[in-house]
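Colleague: First, the structure itself, so that you have it in front of you.
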Amino acid sequence: MTVRKAIFPAAGLGTRFLPVTKAQPKEMLPLVDKPTIQYGVEEAIASGIEQVIMVTGGGKRAIVDHFDRSVDLEHYLQERDRPDLLEILASVDQLSDRVDITYIQQKEPRGLGNAVWTARRLVEGEPCAVLLADDVIICEQRPVLKQLIDTHSKTGATVLAVRRIPREQVGRYGVIATSSSNGRVHEVTDMIEKPSPGSEPSDLAMLGRYVILPAVMEELGQTEPGAGKEIQLTDAIKRTIGRHRVVALEFEGDYYDTGTVAGYLRANLTMAMKREGLREELAPLLKELLEG
C-alpha cells in the first residue's frame, strides 16, 4: 500500500531545554529561522505524504498557530507595505494547503510508542511514516522519508532510518543487529535501545525516521512499558520480527540532532554557516571567539 500518512510525535515535555520549554514547545525552537518541526513537515510534503498527524500534549498550542493562517499579521504587514515578509508568511501558509494537518492529544507522557499508538484510528490499518522533529535531516536530491518509502515499496517491510556512528556514542541511540545486507539496505534481526558500552551488536543507530507496518501499531496496543518506564516504539517493532520483515536503510543526507542543548546549538551554527549572507557575518565572529 502507498504510504500516505505521517505521524509526528510532539507531546514531549522538553525537559532538557528548561526553562525555555516551560511555556514554549521544544518543537517550535528555531533552527536558524524556522521552527524545527517545520523542517519535518516540509520533508513529509516533498516525500508525497497526504496527511500529517500531529500528536501533541498540553501547552502545544503554538504548533497549531504556526501552521494556521494569521490574518491580523497579514493585515499589519500589508498596511506597512512589506511584501518580503508577506512572502515568508505565505510560504508557511502554503504548507497546510499542500498537506492535511490533523491534531490529536496524547493524554499523558507515556513514551514515543504510546504517542504513535494514539494516532492508530487516524491511520486506519495502513502502513505509515513516523518522523521525530528533533532529528532534522536535509537532503536536497531526495528527502530521507522518500528514501524510506521507496525502500518500503520494494520490500514491503517496516523500514528504519540508520546511520553508522562512533562506537563510543552508541549508548545514546537504539542500535540494530543485522543478518545480511544489500548495499545500503540491511535485514534487521534485533534492536537494542541504548545498549551499554561493549554490548552493542553494530554501529548502525536508528535516527528519527520510520515506515511502520500495521502490525507494529497492533503490537503497540499490547506492549508493556520498557526503558524509562515508557512504551517504546522499538519494542513493538522488535516483536514483529520473524512474522514481518524489518529492514534498515542507511540514508543519504545531512543529519542534525537538536534533541540536546549541545546538539541544538551545533545544528544552528552549522546550518547558519551554510547560509549565504549569514556565513559572511558569522565567520569573523567565530574567528574572534576562537582566537580569544
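Rule-based calculations on the coordinates, nothing more; no lab input. What you are looking at is a predicted structure, and each value in this text was computed from that prediction instead of being measured. Heads up, the Cβs are rebuilt from the backbone with ideal geometry, glycines too, and the neighbour counts pull from every protein chain shown.
Colleague: Whole-Hz Karplus ³J(HN,Hα) for segment 153-168, in order, using 6.51 cos²θ - 1.76 cosθ + 1.60 and θ = phi - 60°, x for Gly and Pro?
Modeller: 4, 7, 10, x, 9, 5, 10, 10, 8, 9, 8, 6, 10, x, 4, 5
Colleague: Does segment 88-170 classify as rounded, prolate or oblate by the C-alpha gyration tensor (a ≥ b ≥ c root eigenvalues; a/c under 1.5 gives rounded; else a/b over b/c gives prolate, otherwise oblate)?
Modeller: rounded
Colleague: Along each principal axis of its Cα atoms, how long is segment 120-163 end to end? Whole angstroms, biggest number first, please.
Modeller: 31, 26, 18
Colleague: Take the Cα atoms of segment 148-292, find their three principal axes, and give me the spread along each one in whole Å, biggest first.
Modeller: 57, 35, 28
Colleague: Amide H of Met191: which non-local residues (sequence gap of 5 or more, or other chain) have their own amide H closer than 5 Å, using H built in the peptide plane?
Modeller: Placed amide hydrogens put Ala177 under 5 Å from Met191.
Colleague: Any idea which of Gly57, Gly14, Pro166 is furthest toward the positive side of the dipole for the chain, if Lys and Arg beta-carbons carry +1 and Asp and Glu beta-carbons -1?
Modeller: Selected residue: Pro166.
Colleague: Could you give the dipole magnitude of segment 5-259 about its Cα centre, charging the beta-carbon of Lys and Arg +1 and that of Asp and Glu -1, in debye to the nearest 20?
Modeller: About 840 debye.
Colleague: In percent, what relative contact order does the chain have, based on Cα pairs under 8 Å that are 6 or more apart in sequence?
Modeller: About 22 percent, as a whole number.
Colleague: By how many degrees, 0 to 90 and rounded to 10, does the Cα axis of helix 83-98 deviate from the longest principal axis of the chain?
Modeller: 30 degrees
Colleague: Over segment 1-120, what number does the Rg to Rh ratio reach, with both radii from the alpha-carbon atoms and Rh per Kirkwood?
Modeller: Values: Rg = 15.5 Å, Rh = 15.5 Å.
A ratio of 1.00.
Colleague: Here is a further query. Mean separation of Cα pairs under 8 Å and 6+ residues apart, divided by the residue count of segment 1-140: what relative contact order is that in percent?
Modeller: RCO, segment 1-140: 42 percent.
Colleague: When all C-alpha to C-alpha distances in the chain are sorted into bins of 10 Å, what percent of pairs does each bin hold, rounded to whole numbers?
Modeller: Cα pair-distance distribution for the chain, in percent: 6, 26, 35, 22, 8, 2, 0.
Colleague: If you take every DSSP beta bridge fully contained in the chain, what fraction is antiparallel? Give it as a percent rounded to 5.
Modeller: 55 percent
Colleague: Then there's this: Straight-line reach only, C-alpha to C-alpha below 22 angstrom: list the lysines that Lys194 could link to, leaving out same-chain residues fewer than 8 apart.
Modeller: In chain and number order, the partners are Lys229, Lys238.
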